[in-house]
Amino acid sequence: MLAVCRGGERVVGNLGQVRLQAADVLQLEARPPFVERHRQSRDFLLISQVNGAARPAHEKAWLAWSILAGVVVLASLGVMSMMNAAMLGAALTLLTGCCSVGAAKRGLDTQVLLTIAASFGLGAALETSGAAGVLAGNVLALAGGNPWALLVATYIVVALLTALVTNNAAAVVTFPIVMTSAKSLGVNPMPFVVVVMFAA
């Protein structure tokens with residue numbers, strides 16, 4: 001404990017002899033484990049930066065939730081595409097101070113972005129080269145032409161792939177195969193898309 005404040009004034013004297021009262025404000029110097037445990041708590045105000053991140057701005061939580069809800073509503077009602085709504089939401093979080101530009105930059109994982117980009121290229125190659133069709137035929141043969149069996153097989157294959165590569169890569173690689181399989185069976189591909197999403 002470094003200091004005690006009571007009624008807006010610093011309590012003078014030996015801190016070891018100060019009897020604490022309700023509503024006293026304490027200035028503490030804490031070890032890193034304490035900070036990690038309580039940095040999200042509303043009972044403590046972090047006044048110095050730890051690991052390059054300042055304390056969470058709890059007072060702007062309602063604004064961040066409102067922006068998120070607005071993005072979902074705009075995309076759901078078809079007012080904007082999901083991409084445009086998400087970009088608008090990201091811009092609003094920066095403009096309103098919910099997130100700083102530095103924090104946004106730190107939140108970007110370039111390795112994940114590169115993996116997603118490479119996965120899209122691989123998925124497109126599978127589709128245009130006809131490999132997706134061949135793989136879809138093999139999957140259909142294993143499923144016996146049964147849509148329910150194909151759903152189960154899709155989930156198992158995607159779940160296994162996520163253990164070998166990233167979940168983004170697994171989803172993008174299997175997506176064209178699953179879509180081709182669903183079209184071959186003449187069924188709605190949406191359930192298969194949802195299964196890929198949950199499995200990944």
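The values are calculated or read from the model by the stated rules, or taken from the named source; none is laboratory data. The model shown is predicted, which means the values in this text are computed figures rather than measured ones. We place every Cβ from the backbone using ideal geometry, glycine too, and count neighbours over all the protein chains shown.
Quick one: A163 ticks every box in (1) surrounded by 14 or more Cβ atoms within 10 Å (Cβ to Cβ); (2) at pLDDT 75 or above; (3) farther than 30 Å from Q40 by Cβ bar one, so which box is it? With (1) surrounded by 14 or more Cβ atoms within 10 Å (Cβ to Cβ); (2) at pLDDT 75 or above; (3) farther than 30 Å from Q40 by Cβ applied to A163, the lone miss is (1).
From L63, L74, grab the single residue that is farther than 30 Å from R42 by Cα and either within 18 Å of the chain's Cα centre (by Cα) or not assigned by TED's automatic domain parsing to the domain that holds Q40 (or both). Can you show your working first?
On the way: L63 fails: farther than 30 Å from R42 by Cα.
Testing whether each residue is farther than 30 Å from R42 by Cα and either within 18 Å of the chain's Cα centre (by Cα) or not assigned by TED's automatic domain parsing to the domain that holds Q40 (or both) leaves just L74.
Quick check: anything in the stretch 139-150 modelled with pLDDT under 75, loosely packed, with under 15 Cβ neighbours inside 10 Å and assigned to a helix (DSSP H, G or I)? Checked against the condition, which is being modelled with pLDDT under 75, loosely packed, with under 15 Cβ neighbours inside 10 Å and assigned to a helix (DSSP H, G or I), the stretch 139-150 yields at least one hit.
I'm trying to understand the selection: among the residues of the stretch 8-40, which are more than 35 Å from the chain's Cα centre (by Cα) and not aliphatic (A, V, I, L, M)? Spell out the reasoning first.
Let us first name the residues in the stretch 8-40 that are more than 35 Å from the chain's Cα centre (by Cα), namely 8-26.
Listed by number, the residues that qualify are G8, E9, R10, G13, N14, G16, Q17, R19, Q21, D24.
Applying the criterion of being modelled with pLDDT under 65 and polar (S, T, N, Q) to the residues of the stretch 49-75, the residue that is farthest from R106 (Cα to Cα) is Q49. Residue count for the stretch 166-177, restricted to those that are of a type in the set (G, A, S) and either closer than 15 Å to P189 by Cβ or modelled with pLDDT of 75 or more (or both): 2. Among residues of the stretch 145-158 that are of a type outside the set (V, I, T), those with a Cβ under 7 angstrom from a residue that is outside any helix (DSSP H, G or I), sequence gap 6+ or separate chain, pair up as P147/V187.
For every residue, the table says whether it meets (1) touching a residue at least 24 places away in the same chain (Cβ under 8 Å); (2) surrounded by 15 or more Cβ atoms within 10 Å (Cβ to Cβ).
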| site | (1), (2) |
| --- | --- |
| E59 | no, no |
| W62 | no, no |
| I67 | yes, yes |
| V71 | no, yes |
| L74 | no, yes |
| G78 | no, no |
| A85 | no, yes |
| L92 | yes, yes |
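Give me the residue from the stretch 1-36 that is in contact with a helix residue (DSSP H, G or I) (Cβ under 9 Å, 6 or more places away or on another chain) and in a loop (DSSP other than H, G, I, E, B) and, out of that set, modelled with the lowest pLDDT. Restricting to residues being in contact with a helix residue (DSSP H, G or I) (Cβ under 9 Å, 6 or more places away or on another chain) and in a loop (DSSP other than H, G, I, E, B), the top hit is M1. Scanning the stretch 180-196 for residues that are without any contact (Cβ under 8 Å) to a residue 24 or more places away in the chain and either assigned to a helix (DSSP H, G or I) or outside the structural domain of A149 (by TED's automatic domain parsing) (or both) yields a count of 4.
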